[in-house]
Amino acid sequence: LSPRVDAISCVSKAVKDYLLLKGVAEKKLFVVYKGHQINWYNSLSGLSLSKESLGFTKNDLIVICVANSRPVKGVDILIEAANLLKNDAEIKFILVGEIRDKNLFAKSKNPNLHFLGFRNDAQALIGGSDLLVVPSRSREGLPKALLEAMALQKPIIASRVGGIPEIIEHGLEGILIPPSDPEILSKAIKYLKNNSDQASQMAKNAFFKLQDMLTVEKMLASTELMYSACLSR
């Protein structure tokens, strides 16, 4: 809100809309999506952790969530969804990220949900999983884990919040669900487990979307437009 700020680079339209509501002048706001290159992930081809190395079998469906447990991230929603699926022994959950609310451990009633804490190899863990869940409640600009899953061609279930719907079209590049609804989340996980071909196709569509929409070249062009606008005032 400082009058000395000439421009704000927003990682999604949702962030721009949020700042408009806070009273920031529209002329200061520019949408610059995070640029990605697929070759950044080529080194992971041999580093993705196998299911066996994580103590699972090849028949297990590995559902991963990468998030620090701030309330807006909806980690508790994932835990509740996992509780609803505790009778399906083939669905395994891994939660990557610092757990700040220690009460979350007690909320888990599913022995197949594993808290891995902070990890430096989150990308490799996504690469070794079958499905990424982003259960955020609100205030998501554009989650890094979402883009990593797209690059690694992993099916995605994500809340319809923030900038996520700008990148993922429901039924085409992933499944979008309402926030704070563990029952719908559990049903979406079960659905993708039972419809692996559709899940694979959505992952491929998301991969192509990333290559088309979120390139480094487009990020640089948007950044250049932002600076040019500032210099022309």
Tell me, what ³J(HN,Hα) does each residue in segment 58-69 have, in order and in whole Hz, if you take phi through Karplus 6.51 cos²θ - 1.76 cosθ + 1.60 with θ = phi - 60° and put x for Gly and Pro? 5, 7, 6, 9, 9, 9, 10, 10, 10, 5, 6, 7
Mind checking which of LEU113, LEU214, LEU104 has the largest fluctuation in a GNM of the chain, springs on alpha carbons under 10 Å? LEU104
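Calculated FRET efficiency, LYS109 and TYR191, Cβ-Cβ r, R0 30 Å, to nearest 0.05?
So, using R0 = 30 Å, E works out to roughly 0.85.
I need the chymotrypsin sites (Phe, Trp or Tyr not before Pro) found in segment 64-156, filtered to DSSP loop residues with at most 10 other beta carbons within 10 Å of theirs.
Values: sites: PHE93, PHE105, PHE115, PHE118; in loops: PHE118.
Counting only loop positions with at most 10 other Cβ atoms within 10 Å, the chymotrypsin sites (Phe, Trp or Tyr not before Pro) in segment 64-156 are PHE118.
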Over segment 64-120, give the accessible area per residue in Å² for a 1.4 Å probe, as an integer. 48
Once you have the Kirkwood Rh of segment 10-148 from its Cα pairs, apply Stokes-Einstein at 10 °C and 1.306 mPa s and quote D in µm²/s. 95
Using only Cα atoms, tell me the angle between helix 75-84 and the longest principal axis of the chain; keep it within 0 to 90° and round to the nearest 10. 30
Using alpha-carbon positions, what is the distance between the centroids of segment 61-89 and segment 134-153, in Å? 15
Set the Förster distance to 22 Å, then compute FRET efficiency between LYS13 and THR215 from the Cβ-Cβ distance, nearest 0.05. 0.80
Cα principal axis extents for segment 96-139, largest first, Å: 30, 28, 19
With +1 on each Lys and Arg Cβ and -1 on each Asp and Glu Cβ, how big is the dipole of the chain about its Cα centre, in debye rounded to the nearest 20? 580
So, taking all protein chains as they sit and a 1.4 Å probe, how much accessible area belongs to HIS114, in Å² rounded to tens? 60
Would you work out if segment 5-81 is rounded, prolate or oblate? Take a ≥ b ≥ c from the square roots of the eigenvalues of the alpha-carbon gyration tensor; rounded if a/c is under 1.5, else prolate when a/b is larger than b/c, oblate otherwise. oblate
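Which percent of the accessible heavy-atom area of the chain goes to carbon and sulfur, probe 1.4 angstrom? Don't jump to the answer; show the numbers that get you there.
On the way: 6230 of 11770 Å².
Here it works out to 53 percent.
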Which sequence of THR223, THR57 reflects their accessible areas, 1.4 Å probe, from the largest down? THR57, THR223
Counted charge near ILE99, where neighbours are those whose Cβ lies closer than 12 Å (Asp, Glu -1; Lys, Arg +1): +2
DSSP loop (so not H, G, I, E, B), at most 13 other Cβ within 10 Å: list which GluC sites (Glu not before Pro) in segment 18-90 pass both filters. GLU90
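Can you bin segment 102-233 into rounded, prolate or oblate? Criterion: square roots of the alpha carbon gyration tensor eigenvalues sorted a ≥ b ≥ c, rounded for a/c under 1.5, prolate for a/b above b/c, oblate for the rest.
On the way: a/c = 1.99, a/b = 1.65, b/c = 1.21.
Prolate shape, in that a/c is at least 1.5 and a/b is the bigger ratio.
Classify segment 143-217 as rounded, prolate or oblate, taking a ≥ b ≥ c as the square roots of the eigenvalues of its Cα gyration tensor: rounded when a/c is under 1.5, otherwise prolate if a/b is larger than b/c and oblate if not. Present the calculation step by step, with values, prior to reporting the outcome.
Details: a/c = 2.36, a/b = 1.37, b/c = 1.73.
Cα axes put segment 143-217 in the oblate bin.
Sorted by accessible area with a 1.4 angstrom probe, largest first, how do LYS58, LYS92, LYS86 fall? Walk me through the numbers on the way to the answer.
Values: LYS58 160, LYS92 25, LYS86 95 Å².
Greatest to least solvent exposure: LYS58, LYS86, LYS92.
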Efficiency by 1/(1 + (r/R0)^6): what FRET value for LYS86 and SER232, r their Cβ-Cβ distance, R0 = 41 Å, to the nearest 0.05? 0.10
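The values are calculated or read from the model by the stated rules, or taken from the named source; none is laboratory data. Values in this document were obtained by computation on a predicted structure and should not be read as measured data. Cβ sites come from the backbone with ideal geometry, for glycine too, and all protein chains shown count toward neighbours. The accessibility values were calculated without ligands, DNA or RNA, using every heavy atom of the protein model including side chains. Shrake-Rupley method; radii C 1.70, N 1.55, O 1.52, S 1.80 Å.
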